[in-house]
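Notes follow once the structure below has been shown.
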Amino acid sequence: MVYGTDYRPNEIPCRNPRTLATPALRARQFTTTCPPTFAQDAAVAALQDTARDRDRSAKNSPERRVTALELLAQQDVLHTSNDGGAFYLYLTYPKRLGSADDLALRLLEQEHVALVPGTAFDPTGNGDRSLRVSYASSLDDVREGLSRLIRLAAMVAWPVRNSHPRGGDLLSNEYSRAVAEAIWASDVKRVGYIPSVTVAPVIHELVALDGGSDGVSPRVTPLSREEEAVGVMGAVSLGGDLAAVVMQDNGFGNALTALTTFSLSYHLPLLIFANTRGSLGEYNSMIHSISAPVPRVLEATNLPYVELDRRSAPEDWRAVVEEAAVHAVMTFRPVIVLAAFWNTDGEVA
């Protein structure tokens with residue numbers, strides 16, 4: 001059943017409706033939702049009378065595109081390429097996030113960000129796992145909109161069982177539970193985290209212990225970037241309490257300036273729990289180039305750290321995290337726990 005231009009329902013006879021449903025939907029979407037007359041008149045005026053504004057927008061477009069690609073490069077749920085284009089990016093994502101229509105609707109309702117499902121642009125049928133994102137807006141809006149999309153995509157991915165590339169129950173992890181229990185036992189008042197499927201088990205346990213759900217609880221807050229987490233959680237330290245940050249180790253490149261010029265310089269205690277990437281069990285072939293130098297970078301910037309891996313039992317992880325929090329408070333500086341989950345009960349890379 002389709003609607004004509006006069007809003008009357010019309011029926012299309014077809015022996016195999018499934019073969020026609022997607023093309024019909026694609027055609028209908030851009031005939032019944034085309035720009036109204038006044039918007040078309042405005043477009044004509046813009047092309048004729050606003051050359052200066054048009055040229056300025058075209059000049060700023062590459063910067064907005066680079067910003068969008070940089071934000072997307074910091075997460076591992078949404079994927080895109082650096083192909084040339086007009087003013088949008090075409091994102092693909094794993095099947096576990098659901099259909100493009102459902103994800104786009106959820107983004108609109110929960111994060112108040114609008115984009116276009118990829119179903120209208122891909123005749124192969126793969127468009128149901130893709131999104132088209134426009135960056136024809138201000139630089140601040142591009143950052144904020146993409147940050148909200150990235151946050152939601154990570155949250156949607158987390159509750160799914162058996163979703164890790166090597167299998168296993170992603171959220172059932174005794175080691176992650178030990179970490180979460182240790183953080184709360186250390187009298188941490190707030191936890192800020194940067195969404196990623198690889199820290200999802202820890203966040204899941206933290207939120208559950210704090211009486212929340214879907215990645216949020218009274219004391220657990222998702223944040224967009226690592227330096228933002230250091231700044232926001234640093235405010236807790238300025239108030240005389242201890243805060244924690246949960247992140248991936250490849251995010252220290254973003255956080256270094258904030259850690260050295262704010263946390264270290266102002267003697268602010270902060271507990272940082274970072275999942276390590278790029279070593280045994282890794283499924284991303286390129287991330288080692290970023291993560292492998294992290295210990296040397298931390299040493300060079302005088303940021304103390306300890307390391308954990310499968311050779312220690314969960315109770316040892318709990319004890320180390322608790323003592324790291326004590327050390328941060330005693331020395332008035334950030335203390336970092338680098339944890340390799342490979343070959344623990346959760347097998348998270």
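The values are calculated or read from the model by the stated rules, or taken from the named source; none is laboratory data. Remember, predicted model here, so these are calculated numbers, not experimental data. Cβ sites come from the backbone with ideal geometry, for glycine too, and all protein chains shown count toward neighbours.
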Next on the checklist: Every residue in the stretch 318-349 that is at pLDDT 95 or above and of a type in the set (Phe, Trp, Tyr), please.
Outcome noted: Phe332
Checklist entry - Looking at this structure, is Glu181 surrounded by fewer than 24 Cβ atoms within 10 Å (Cβ to Cβ), at pLDDT 95 or above, in contact with a helix residue (DSSP H, G or I) (Cβ under 8 Å, 6 or more places away or on another chain) and assigned to a helix (DSSP H, G or I)? => result yes
Item to check | Subset of the stretch 208-219 [small (Gly, Ala, Ser), outside any helix (DSSP H, G or I) and either buried (at least 21 other Cβ atoms within 10 Å of the Cβ) or touching a helix residue (DSSP H, G or I) at 6+ places or on another chain (Cβ under 9 Å) (or both)] | outcome: Gly212, Ser213, Gly215, Ser217
Next on the checklist: Would you confirm, using the coordinates I've provided, whether Val133 is within 19 Å of Ala73 (Cα to Cα), buried (at least 16 other Cβ atoms within 10 Å of the Cβ), at pLDDT 85 or above and in the same structural domain as Leu71 (by TED's automatic domain parsing)?
Outcome noted: yes
Next on the checklist: Tell me whether the stretch 191-211 contains one or more residues that are of a type in the set (D, E, K, R) and at pLDDT 85 or above.
Outcome noted: yes
Checklist entry - Do you know which residues across the stretch 295-322 are of a type in the set (Val, Ile, Thr) and surrounded by 18 or more Cβ atoms within 10 Å (Cβ to Cβ)? => result Val320, Val321
Item to check | Check on Glu205, within 15 Å of the chain's Cα centre (by Cα), free of Cβ contacts under 8 Å to residues at least 40 places away in the same chain and not in a loop (DSSP other than H, G, I, E, B) | outcome: no
Checklist entry - With respect to Glu299, is the statement that it is of a type outside the set (Lys, Arg), at pLDDT 85 or above and part of a helix (DSSP H, G or I) true? => result yes
Checklist outcome for this item: Counting only residues in the stretch 63-85 that are more than 22 Å from Asp214 (Cα to Cα) and touching a strand residue (DSSP E or B) at 6+ places or on another chain (Cβ under 9 Å), the one surrounded by the most Cβ atoms within 10 Å (Cβ to Cβ) is identified as Ala68
Checklist entry - For Gly240, all conditions in the list (1) under 26 Å from Ile290 (Cβ atoms); (2) part of a loop (DSSP other than H, G, I, E, B) hold save one; what is the number of the exception? => result (1)
Checklist outcome for this item: Checked against (1) in contact (Cβ under 8 Å) with a residue 12 or more places away in the chain; (2) out of contact with any strand residue (DSSP E or B) (no Cβ under 7 Å at 6 or more places or on another chain); (3) hydroxyl-bearing (Ser, Thr, Tyr), Ser312 satisfies every condition except (1)
Checklist entry - loosely packed, with under 11 Cβ neighbours inside 10 Å, part of a helix (DSSP H, G or I), in the same structural domain as Arg151 (by TED's automatic domain parsing) and at pLDDT 65 or above - does that describe any residue in the stretch 87-107? => result yes
